[in-house]
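I have placed the structure first, in the form of structure tokens, so that the comments after it can refer back to it.
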Amino acid sequence: MGASVSVGDYNADGYADVLAGAPNEDITRTSNRSNAGTSLLFKGSATGLTGTGAIAISQDEPGVPGSTETDDNLGSAVSLTDLTGFGRADLVIGAAGEDAGNGTLLYVPSNSTGLGLSTSKYYGLTQLGTATGNHLGTTLAP
């Protein structure tokens, strides 16, 4: 874990939260999918970061589009930035190995109740018209 790390405030509580990517994490909920990847969102507090209430985000989570596959590498890059201007950092998570190495970006908006997993979206080759084999999501800038 920690192949990519980003800091922001997703819940507008005034404390820094940390999003950490783990692109080589094996997902074994229904079958073994090596290097499928995941990301973890750690909540900040008055006493610092805590693992209590940490949120794991993978393609196995209800509401997250797509399906977990071997070598997707979800979490290859992460960004915790307010993209909507509502004062809460949204999540962008790269999956450089998704779609046979074409790569995708997972956008998870934040909202007044936390994360909008049910309104999350993938952007990849089809949506963006990128060239094949680009490994979109290998790096992200805040």
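The values are calculated or read from the model by the stated rules, or taken from the named source; none is laboratory data. As the structure is a prediction and not an experimental result, all values here were calculated from the model. No Cβ is skipped: glycine too gets one built from the backbone with ideal geometry, and neighbour counts run over all protein chains shown.
General observations
- Residue in region 61-68 that is under 18 Å from residue 140 (Cα atoms) and either among the aliphatic types (A, V, I, L, M) or touching a residue at least 24 places away in the same chain (Cβ under 8 Å) (or both) present: no
- Scope region 27-42; condition touching an Asp or Glu at 6+ places or on another chain (Cβ under 7 Å) and not aromatic (Phe, Trp, Tyr); matching residues: 27, 29, 32, 33, 34, 35, 36, 37, 38, 41
- Scanning region 98-118 for residues that are out of contact with any strand residue (DSSP E or B) (no Cβ under 7 Å at 6 or more places or on another chain) and touching a residue at least 40 places away in the same chain (Cβ under 8 Å), we see that the one that is farthest from residue 9 (Cα to Cα) is 118.
- Count of residues meeting criterion [of a type outside the set (A, V, I, L, M, F, W, C), crowded, with 18+ Cβ neighbours inside 10 Å and more than 19 Å from residue 43 (Cα to Cα)] in region 61-98: 9
- Residues that are in a loop (DSSP other than H, G, I, E, B) and touching a Ser or Thr at 6+ places or on another chain (Cβ under 6 Å), drawn from region 33-67: 34, 36, 58, 59, 60, 63, 64
- Residues of region 87-121 classified as under 15 Å from the mean Cα position of the chain (by Cα) and not in a loop (DSSP other than H, G, I, E, B), total: 20
- From the options 30, 84, 70, residue that is farther than 16 Å from residue 121 by Cα, modelled with pLDDT of 90 or more, assigned to a loop (DSSP other than H, G, I, E, B) and among the β-branched types (Val, Ile, Thr): 70
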